[in-house]
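Read the structure below first, then the notes.
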Amino acid sequence: MAAAGRRVMTLGGKGSSLTSSSVFEVSNGFARISIDSSALSRRSSSSPSSNSATKFSFSIPSYFTPEESRASLILLCNKLLLSSSSSVCSQLLEILEQDVISLDYSLSDVASDDLALLDYSVAAIDGVSAILDHRASSLSSVADAIAAISCEALRADASPFNLMDSGDGSSAKDAVAVAADFKVFFNGSKLVNTGKKLLDSSVAEIPSVHGNFREISRLFHSKTRVQLNSGFRAGSAKDMSTALSSLALSLSNLGDISVRRAKLLVANSISDVELRSRLSEMLTAKYPRADALEELYASSQAALRKKDYLLFLHNIYELLDVVTKMISWEAIVAFVSLEGSEIFVDKIQGDNVSASEPSSVDNAKNDKKSEKKRKVVLGKGTTALVLSIKDRLLGGATRSDLEKCTQDFLSLLDPRSSGFDDLLTKVKEIVESNESRRLPKLPKGTRDFAKEQMAVREKAFSIIVDVFKRHGAMALDTPAFELRETLMGKYGEDSKLIYDLADQGGELCSLRYDLTVPFARYVAMNGLTSFKRYQIAKVYRRDNPSKGRYREFYQCDFDIAGQFEKMGPDFEVIKILTELLDELDIGDYEVKLNHRKLLDGMLAICGVPQEKFRTICSSIDKLDKQTFQQIRKEMVEEKGLTEETADKIGTFVKHKGSPVELLSKLKQEGSEFLTNSEAELALNELEILFKALAKSKCIDKVVFDLSLARGLDYYTGVIFEAVFKGATQVGSIAAGGRYDNLIGMFGTKQVPAVGISLGIERVFAIMEQLQKDRNQEIRATETEVLVSILGDDLSLGAELVSELWDAKLKAEVMINKRVIKHIDRARGSKIPYMVIVGDHELSKGIVKLKDVNAATECEVPRNGLVEELQRRLNNISP
């Protein structure tokens, strides 16, 4: 191959490394390899003596293409340089410079000791993987762009691209990213979401299928990058086969939806019969067979099962070729759908009639048709892309031959052509140039709340505060961050979830993990001995986001600190919990309850060392999410309990049921719990508590559960957790317990306390789902009256609405000449009344009062407006 004008890629030098792009360039003759002089000097000093030298023979598979063959030789050369057998690399360079690659080769002067290291198949797998990596990465961007053009041509429903990152880890990030890129292409489009708003599965699946291909390509790139600059590593074939299998399946899915979109385009988006017929003929003759995807994927998997890794790799290489051609033909059909009538129709019609010049009438008709066509507005991104393609194919001309244009288009989308690089650069430029206009993203584990959601929240907060105040609680607010020393050592194994802040002037601070520890710090710092408080505020946890689990969320806490009658505060907080959940009207729930001293007594009876009580409690606390066998394995293998001890724990934590019945069973004569003083004390306290709950008629909501552990270190007495039993799976929705020693950690006085924390985010999720299920409409505003000024007199509007505001009525004002705009505003915001004032009303000294829901209206004297509105809003009869 001629070396002139080609980029030189140096191997063997300090810091030099192979990339997939460089392997692709050398394999296709765009670049050539040279070996660094330092590697050559190493080769000279390590050249084997003639009596220890031998030959290394290998064969290139006959089914390999020249590109695959050269890629395998490049990797063989690089791996030889990375090993001690660098002396034969110059022979490989000579082979690579040849125009034709043979199948069988022998490399001479290979050290006998190094012969066992050499493995052509490893080099071949890594070399062809580099080609696949380079092409898959570029295909991902181009496939997105082509699909965007297709969606425009199909006038597709763009709702599948309205994806947002939920922030809780439950959304597919690459699907969201693909959807965001498509929004850049569609920005300003007058085609998508118009007409029939076609929503076919080949459109609806784009975010997931393209997102999956993007993700798989990225993971495959990571693996390939490591392999390219590694020596002959045992097991690398098996290692790469996993990533290659995923790539093959992802490619097959990508090709499948491209085929389906191309068929849709031909059937629905090309109105000219002759043009559609011509294009259909070309597709029939040249489009890859529909079953090629399935056949090649099946062949690759069959080769993998036989451990024929090179054939497996080649099948995927062929699959990539087929998918690239399918996407290229989709691009052609989409382009013809959008631009065909302007570029090709006259040419096709000219081929079927005489060569005489068209009449001026025909020219006028064609000009009008072209003008109408030009009025179609694509998205800004797709417009830029289509214009770039058009300029590349037509070179400034306005008409073209369909067959020639198709060939030029296929050449443009060939990854080996210079035009492909230009197209890829254009696609990236379009996406990246719009980066600043994209919607910004939220941090993981956080979310925004729209107006309807905030209406639900405000209603819930109002109910919660009302319940708290009914029980005599006072509000408290504490800083969002505390000194790190205040928080550390209070949460057991969960302390690792505390958000630490950067050092600010010598103070080490952390975001609060909950509201209980700051409350305890406040009580101790201010020397309080009694305090009943509530607090509603955000807390922060460096947890892994998942459905219903966030890093920033609200807690609603109620705590009673101080010396009171035995179990009195414990009863009250549980009663408050049932009142809250009943008044929030979320549906069926249960309150699981246990006692920390009972739990400690149980662990002592089972033979758990006291120093392991807290860590074993953390394990038991996971029983609502894992099976006992999983917990048993953790306790035995990770935390050092004997199997006998773990099994005995298993017999106890199964106890669960009616508080009174289970308590009676645990207190009966001969019970092991009565042999432990801590457990006996806990049972006596629970007996007092259950009697109080029974008298308050809320014990039917309570379940006595010995598996409830609550992993936080500071609990010392009763512990409880509320669980929603409805269809929405959210886990626990509230929890709490007694913590008699926590406040004493911050001061000289031990102040006992008990509290509850409502997991309000999960309660909101339940309330929102219930409203959807019940088809309840949510009003985001409480506006009662819309003052509608028909004209442009702001001063009149200001006068009228101020009168309503002064009368404490909830009102808004709107200035617009069109009545329908006012009515639409009132209906959209569900405002019950409108006060309409125009020239007619002004001249008569009246206003028109409209009942929006009843669609009735009446005239009211200007000076009697406030009184009439107050009467109606208070439902007072006239």
* To do: Please tell me if Glu565 is under 22 Å from Val754 (Cβ atoms) and either at pLDDT 95 or above or buried (at least 21 other Cβ atoms within 10 Å of the Cβ) (or both).
  => no
* Structure fact -> Among (1) at pLDDT 85 or above; (2) crowded, with 19+ Cβ neighbours inside 10 Å; (3) over 30 Å from Ser22 (Cα atoms), Lys469 falls short only on (2)
* Asked: Restricting attention to region 500-552, and to residues there that are among the aromatic types (Phe, Trp, Tyr) and modelled with pLDDT of 90 or more, which single residue is nearest to Arg457 (Cα to Cα)?
  -> Tyr534
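For every residue, the table says whether it meets (1) surrounded by 22 or more Cβ atoms within 10 Å (Cβ to Cβ); (2) farther than 26 Å from Ser495 by Cα; (3) at pLDDT below 90; (4) among the basic types (Lys, Arg).
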position	(1), (2), (3), (4)
Glu669	no, yes, yes, no
Leu681	no, yes, no, no
Ala692	no, yes, no, no
Tyr715	yes, no, yes, no
Ile719	yes, no, no, no
Gly726	no, yes, yes, no
Arg738	yes, no, no, yes
Thr748	no, no, yes, no
* Asked: Mind checking whether some residue in region 679-696 is free of Cβ contacts under 8 Å to residues at least 40 places away in the same chain, assigned to a helix (DSSP H, G or I) and under 44 Å from the mean Cα position of the chain (by Cα)?
  -> no
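I'd like to know if region 346-353 contains one or more residues that are assigned to a helix (DSSP H, G or I) and modelled with pLDDT of 85 or more.
Looking only at region 346-353, we keep the residues that are assigned to a helix (DSSP H, G or I), and these are 346-351.
After this cut, where a residue has to be modelled with pLDDT of 85 or more as well, the list is none.
There is no residue in region 346-353 that is assigned to a helix (DSSP H, G or I) and modelled with pLDDT of 85 or more.
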* To do: Please specify each residue of region 735-759 satisfying the condition of being of a type in the set (A, V, I, L, M) and in contact (Cβ under 8 Å) with a residue 60 or more places away in the chain.
  => Leu742, Ile743, Met745, Val751, Ala753, Val754, Ile756, Leu758
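Hey, any hits in region 771-779 for a residue that's free of Cβ contacts under 8 Å to residues at least 60 places away in the same chain, under 19 Å from Met454 (Cβ atoms) and surrounded by 16 or more Cβ atoms within 10 Å (Cβ to Cβ)?
Going residue by residue through region 771-779, those that are free of Cβ contacts under 8 Å to residues at least 60 places away in the same chain are 772-777.
Restricting the remaining residues to those that are under 19 Å from Met454 (Cβ atoms) gives 772, 776-777.
Adding the requirement that they be surrounded by 16 or more Cβ atoms within 10 Å (Cβ to Cβ) leaves none.
No, the conditions are met nowhere in region 771-779.
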* **Index of the failed condition, Leu528 passing every other in (1) part of a loop (DSSP other than H, G, I, E, B); (2) without any contact (Cβ under 8 Å) to a residue 12 or more places away in the chain** => (2)
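For region 835-853, which positions are loosely packed, with under 14 Cβ neighbours inside 10 Å and either basic (Lys, Arg) or more than 17 Å from Thr783 (Cα to Cα) (or both)?
Asp839, His840, Ser843, Lys844, Gly845
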* Among the residues of region 63-88 satisfying the criterion of being modelled with pLDDT under 80 and within 25 Å of Tyr309 (Cα to Cα), which is surrounded by the most Cβ atoms within 10 Å (Cβ to Cβ)? -> Leu80
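Please go through region 540-587 and give me each residue that is of a type in the set (Phe, Trp, Tyr) and in a loop (DSSP other than H, G, I, E, B), ordered by number. Working first, answer last.
Within region 540-587, the subset of a type in the set (Phe, Trp, Tyr) is 540, 550, 553-554, 558, 564, 571.
Scanning region 540-587 gives Tyr550, Phe564.
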* Being β-branched (Val, Ile, Thr), assigned to a loop (DSSP other than H, G, I, E, B), surrounded by 11 or more Cβ atoms within 10 Å (Cβ to Cβ) and touching a residue at least 60 places away in the same chain (Cβ under 8 Å), is that true of even one residue in region 783-803? -> no
* Structure fact -> The condition of being basic (Lys, Arg), touching a helix residue (DSSP H, G or I) at 6+ places or on another chain (Cβ under 7 Å) and under 24 Å from Arg827 (Cβ atoms) holds, among Arg774, Arg779, only for Arg779
* Would you pick out the residues in region 490-513 that are in a loop (DSSP other than H, G, I, E, B) and in contact with an Asp or Glu (Cβ under 8 Å, 6 or more places away or on another chain)? -> Lys490, Tyr491, Leu508, Arg512, Tyr513
* **Neighbours by Cβ (under 7 Å, 6+ apart or cross-chain): first from region 57-70, farther than 15 Å from Gln98 by Cβ; second of a type in the set (Asp, Glu) and in a strand (DSSP E or B)** => Ser59/Asp104
* Structure fact -> Counted residues in region 514-542 being out of contact with any Asp or Glu (no Cβ under 9 Å at 6 or more places or on another chain) and either surrounded by fewer than 17 Cβ atoms within 10 Å (Cβ to Cβ) or among the acidic types (Asp, Glu) (or both) come to 6
* Structure fact -> Looking across region 717-767 at residues that are part of a strand (DSSP E or B) and among the polar types (S, T, N, Q), the single one that is farthest from Gly527 (Cα to Cα) is Ser732
* For residues in region 265-277 being surrounded by 20 or more Cβ atoms within 10 Å (Cβ to Cβ) and part of a helix (DSSP H, G or I), which is modelled with the highest pLDDT? -> Leu265
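So which residues in region 597-623 are charged (D, E, K, R), within 16 Å of Gly737 (Cβ to Cβ) and modelled with pLDDT under 90, if there are any at all? First the steps, then the outcome.
Kept after step one, since they are charged (D, E, K, R), are these residues of region 597-623: 597, 600, 611-612, 614, 621-622.
After this cut, where a residue has to be within 16 Å of Gly737 (Cβ to Cβ) as well, the list is 597, 600, 614, 621.
Once the filter is applied, which keeps residues that are charged (D, E, K, R), within 16 Å of Gly737 (Cβ to Cβ) and modelled with pLDDT under 90, region 597-623 yields Asp600, Arg614, Asp621.
The values are calculated or read from the model by the stated rules, or taken from the named source; none is laboratory data. These numbers were taken from a predicted model, which means no experiment stands behind them. Virtual Cβ from ideal backbone geometry, glycine too; neighbours counted across all protein chains shown.
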